[in-house]
Structures are given as structure tokens and as C-alpha cells.
1. If each DSSP helix of 4+ residues adds -39,500 (n - 2.57) and the sum is divided by the residues in the chain, what number results at 222 nm, nearest 500 deg cm²/dmol?
2. Order these peptides, 363-371, 281-289, by their mean beta-carbon neighbour count within 10 angstrom, highest first.
3. If you take the square roots of the eigenvalues of the alpha-carbon gyration tensor of the stretch 1-116 and sort them as a ≥ b ≥ c, do you get rounded (a/c under 1.5), prolate (a/b over b/c) or oblate?
4. Alpha carbon centre of the stretch 83-115 versus the stretch 289-321: separation in Å?
5. Report the Cα centroid-to-centroid distance between the stretch 4-55 and the stretch 138-155 in angstrom, as an integer.
6. Compare 390, 128, 373 in a GNM of the chain, Cα atoms joined below 10 Å, and give the one with the largest fluctuation.
7. Could the peptides 49-55, 153-159, 208-214 be put in order, highest first, of the mean number of other beta-carbon atoms found within 10 Å of their residues?
8. With the cut-off at 1.5 for a/c, could you classify the stretch 6-49 from its C-alpha gyration tensor as rounded, prolate or oblate?
Ligand code: DI6
Ligand code: FE
């Protein structure tokens, strides 16, 4: 197909800077063949071979905006139950850590997740997935981490893999066995790591269920020494790592993750300039999660200026989870990253496309560029800033997934 008469935010680097920006084409066209973008350029410079209407059916987009399809690079969309009651408790003054220490929090979602089988986990995740797809998302990262025992952790990853079979989306799975210590190992995190978490990681890897390994490095979860033991195994298995770090305090998780060349370090509200330097050196992406910041009434802002100064790529994601970020809108996430974290709308869009791809180790998507997968979003807007500007409004016209229109355009 040939998409024409469109504005295009190609998301690329301009010759004079090393930073990604909109790189707009105000009157552009995109040629797609066999699921790939084969040409991008000005509407008045379309090469003859793409004017073959048989091979490249033409679609006049009437001035609509084309961007790369969006990517949600940090979610916990697979889980049992919800935590609305806890939300109420927090509004009545109970703290997140207090609830966690009292056996609520992550551990309460574990009970509901263990009670569900793979198909039930898949079924309850689909409405959350569909909410993201409806806003132009084509890749979703899905973590385990609410089983905290062998069978349920594997079931969570199996359910995540199954999403691809039933919806037009790519799924990247992440093993997050080191999310919390389950009740049966209360007060014994080291035993849990050695007797359950690590053996389960090996089993999940053997079953081809793991694209990355993650952990929660925090006072209420695991320290750097415990996370390091899990990361050592991930390295042995040749699996990249990422880390929930410096979310509620600074205990050195960011530097640990950077020392392992982590794909990303996520949350990072309490990260400092030295952490930013370590991430710049390791090439790790800072994944900003404004939904958790908002829900936890956090006030400590991530070091955005230090990330800009040291050239640390910033991505934005929903962190969709039942406890700290019951958020299923990537567009609201982009808005929040602007209003709460002072990102520019350009940084927000770059953060939900090319930088999000990088946080998942993907280099075949996240830009409108020849050679990339034809994963595109088409919007009823005239300027990309509109995608972060409005709250609770979805201007998506169509999503192209692997070169095929999901809604409107007949290929
Ligand atoms: N940090 C978070 O905010 C979530 N996980 C994590 O490591 C919380 C997950 C939950 O409360 O269910
Ligand atoms: Fe998370």
C-alpha cells in the first residue's frame, strides 16, 4: 500500500544533533510492502514503482498525521484481581509501604493470580491490552511477578505469550520473579531467591518464555546483592536485564543495573546525577512511569535535567499494574510525563516510540523509516503535540500492524 497526502513524524535524528526529534514531513507519503516500510518521502517525490496501484493501493489520508505505532515498554497487564480497596485505604491515609508490610500490596495480588489458570489470566488481561491497542500501541512488554512460585510465574508468562495469538500486537515478556517475597517465605528473601526465583527463571528460559529479566530493588523488596544473584544467572543464560530502581529511595539499584549493561532502569525518581552518568555510560534507557508517581502521590521528581545533560534516552510507559499504576492509557501517560515530569511533547512521543523500542532491545520499530516493520499509527490531528496535549481523548484513525490495517484501510 501507499499512504499519501499525510503529515509524518518520522522520529529520527537530525544531522546536527544526537537526539531524536519529530523530523516532520508536512506533505509526505509512505510505501509499504510485505509488512515492511520500503520508502518514506515527500508526496511530490514518490518513485514511479510505488505508483503501481495494483501493487501499492493508494490511500489518501487527507492531511492526517502518521507516526510510528506506539510502544508500552513497561506493564504488568497480566495479573489476577484488582486493588480498588487498597486505593481507598491509601486515600484514608495508609502508606504504600505500610500496606505492603501488613501483607497487602503485591502479595494480595499474588493470591488472586495463583487462583487463576492460564486462560483466566489471558481473559482478564485482554481488556487492558485492548485499551492500549485502541490508542495505537503495537508492542507491549508484559512482566510476570505476581506468582512468586514456579507454576504461577510460568503461567503468567504463558498467558503473556498467548496474547499475540489472539490480538494484532507484539509481546515482549519479562521475568520478574524478584518482585516481592511471598508470604510462605516471609522474612527470608535470600531463601526465596535461591530456592524459587532462580530455579523458576531457568525453567522459564528453558520453555522460551523470557525475553528479559527484571527485579524490584527497594527497601520493601530486594537489595542489590539479592538482585545481583538473579542478574548473574540471567547473564549466564544470555538474557538482557532491566530493573525497577530508585522508585521510593536510593539504594544503588541504578548503578547495579548499569554495571550489567541493563536495557533500561525504570521509575528512577530517586536517582541522582551519578546514576545518570552511569546510565549514559551503559547506554541504559530511563523508563519514566508517571502513573505510579501520580497514584502514590510521590513528590520526588526523576532527574530529567541530568538525563538530558548526559544524553540518557528517556522512555515513558504505563506501568499498568493493580497497585501503584492502574493506568491503561499510553496517551494519558504521555500527557502526565509532560505535566508532572516536564518532558516536552516531542520527548513524550520519542519516549513512547524509538526509546521505548530500545528499552526492549528492539531496533526494527519505533520510527517511520525504510527497512522498519510497518507498524504505524494514523491520527486525526494536525500536529504531534496534540497527542500529549488532550486528556481523555483518543484521536486514533487507524493502526497499521505489520503492514496490515487493523481498522479502516483496505489493503
Ligand atoms: N514497583 C511498583 O510500583 C509496582 N511494582 C514495583 O516494583 C507495584 C506493584 C503492586 O503494587 O502491585
Ligand atoms: Fe512496574
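1. On the way: 16 runs with 138 residues, N = 411.
Helix contribution divided over all residues of the chain: -9500 deg cm²/dmol.
2. On the way: 363-371: 18.7, 281-289: 24.4.
By packing density, highest mean first, the sequence is 281-289, 363-371.
3. Prolate, because a/c is 1.5 or more and a/b exceeds b/c.
4. 23
5. 37
6. In this elastic network of the chain, the residue with the biggest mean-square fluctuation among 390, 128, 373 is 390.
7. Per-residue mean Cβ counts within 10 Å order the peptides as 153-159, 208-214, 49-55.
8. prolate
A short reminder: the numbers here are calculations on the coordinates, not readings from a lab. Here the structure is a predicted model, which is why all the values come from computation and not from measurement. Because the Cβ atoms are built from the backbone with ideal geometry, glycine has one as well, and the counts that use them run over all protein chains shown.
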